[in-house]
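Reading through the structure tokens given below for one structure.
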Amino acid sequence: MVKQLQKAAKIIQTNLVIFLLLSIILGVAFGWANPAAAKGLKSYTTLTLFIMLYPMMIGLRIEEVGKAMMNLKLISLSMLFNFVLSPLLAALLAYLFLRDRPDFAVGLILTGTVPCAGMVAGWTGYAKGNVALSLVIVALSLLVSIVMIPVWMPILAGVYVQIDALAMFKQILLAVVVPLILGDLTRRAIFRLWGKKGFMEVKPILPGVSMLGMYIIVFISMALEANNVLHNPQYFLIILIPLTFFYAVLFSGSVLFSRWAKFTYEDMVAFAYGTAGKNISIALALATIFFGPLTVLVLALKPIIQISFMAIFLRLAPGLQKWFAPAPYHHAVTAKGVE
């Protein structure tokens, strides 16, 4: 049974772009054919958000944040990129490309404001980067985002839509912190009951469950906005252009900065993925709660661009090695003890 679930989760993960496109198409088709039934789907949003966020939190180890002090300079720079430069870049591109489309502008700004996702550790490993460092960036970014998202969104997106910073902060506590606490308790319970071996069997299933929730959220949002999307197919091009610029600047900027700062190749990979690999689930959750389906559409299309750039970077990474210093025998943050 566990093996079957692992296989199913792997299929859901490895075909993310295909399933997202299917969710958009099926959601629009359902909303067009059954508009009344589509409105009824909105009542399932809260449950679906929990299905999306809770499994993601089970695999996250917040105690990794304690290792940040061992490489304070690099961690601090990653936070600067994630929570200062990235939101400002998104706001600039939103103004240049989307100032007449407030729903889309908010989606782009939200993309730049959320933290990096747990999947960046996997991509960092594929590129032979510093996986332990990426885990620290992921854990710390999540904690910092609880404060920084409610700070930035009213400032940067408040020019397009009205945003209640306090309400957003409270909702982030519910949408992120509660699943985070429950996820941590669940992980500890699994370790106590079945040990590390049992957890390692369950762990590969978790991202698939989380992504399943994400596909359902996209389906519901597209069903609610079906007529608008059908009558405006140009929306897709309008969204994809600034998203492409956003990721192109983030990836190239992080690599050039890493070169200037004399990072090792391994640390550069963790830094680049930790800067550009934005958390799709949290962005979708906030878009669903606070904004309209057209903002959700931006977040639904975002993974297509993000995954493409992450894959391109993976292909280019070996050629970048000669431009960076080799790693010392011991990293400032080691992989020892990381699950």
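The values are calculated or read from the model by the stated rules, or taken from the named source; none is laboratory data. All values derive from a computational prediction rather than experimental measurement. FYI the Cβ positions are ideal-geometry reconstructions off the backbone, even for glycines, and counts take in every protein chain you see.
For the range 168-180, residues that are touching a residue at least 24 places away in the same chain (Cβ under 8 Å) and surrounded by fewer than 18 Cβ atoms within 10 Å (Cβ to Cβ) total 3.
In this structure, Val147 does not satisfy being free of Cβ contacts under 8 Å to residues at least 24 places away in the same chain and either outside any helix (DSSP H, G or I) or farther than 22 Å from Met79 by Cβ (or both).
For the range 225-246, filtering for residues that are crowded, with 22+ Cβ neighbours inside 10 Å and not β-branched (Val, Ile, Thr) leaves 4.
Among all residues of the range 93-109, there is none that is of a type outside the set (S, T, N, Q), over 23 Å from Gln162 (Cα atoms) and at pLDDT 90 or above.
Would you call Val177 within 20 Å of Ala117 (Cβ to Cβ) and β-branched (Val, Ile, Thr)? Against the criterion (within 20 Å of Ala117 (Cβ to Cβ) and β-branched (Val, Ile, Thr)), Val177 qualifies.
In the range 132-167, of all residues being of a type in the set (Ser, Thr, Tyr) and under 17 Å from Leu53 (Cα atoms), the one that is surrounded by the most Cβ atoms within 10 Å (Cβ to Cβ) corresponds to Ser141. Across the range 73-91, the number of residues qualifying as crowded, with 24+ Cβ neighbours inside 10 Å, more than 18 Å from Ala300 (Cβ to Cβ) and either modelled with pLDDT of 95 or more or small (Gly, Ala, Ser) (or both) comes to 4. The selection criterion, being crowded, with 18+ Cβ neighbours inside 10 Å and modelled with pLDDT under 90, holds for Ala121. For the range 108-130, the set of residues classified as within 30 Å of Leu237 (Cβ to Cβ) and not in a helix (DSSP H, G or I) consists of Val114, Pro115, Cys116, Ala117, listed by residue number.
Only one entry in Leu60, Leu22, Leu49 is over 26 Å from Met200 (Cα atoms) and either touching a strand residue (DSSP E or B) at 6+ places or on another chain (Cβ under 9 Å) or not hydroxyl-bearing (Ser, Thr, Tyr) (or both), namely Leu22. Which members of the range 150-167 meet the condition of being outside any helix (DSSP H, G or I) and without any contact (Cβ under 8 Å) to a residue 24 or more places away in the chain? Gly158, Val159, Gln162, Asp164 - these are the residues of the range 150-167 that are outside any helix (DSSP H, G or I) and without any contact (Cβ under 8 Å) to a residue 24 or more places away in the chain. Flag: Gly122 matches the condition of being without any contact (Cβ under 8 Å) to a residue 60 or more places away in the chain, closer than 23 Å to Leu316 by Cβ and within 15 Å of the chain's Cα centre (by Cα). Screening the range 226-240 for residues that are touching a residue at least 60 places away in the same chain (Cβ under 8 Å) and closer than 17 Å to Pro102 by Cβ and picking the one that is farthest from the chain's Cα centre (by Cα) gives Asn228. Within the range 92-113, being surrounded by fewer than 21 Cβ atoms within 10 Å (Cβ to Cβ) and of a type outside the set (D, E, K, R) holds for Leu92, Tyr95, Leu96, Phe97, Pro102.
Exactly one residue out of Ile12, Ile58, Ile62 is at pLDDT below 85, closer than 25 Å to Leu135 by Cα and either surrounded by 14 or more Cβ atoms within 10 Å (Cβ to Cβ) or among the basic types (Lys, Arg) (or both), and it is Ile62.
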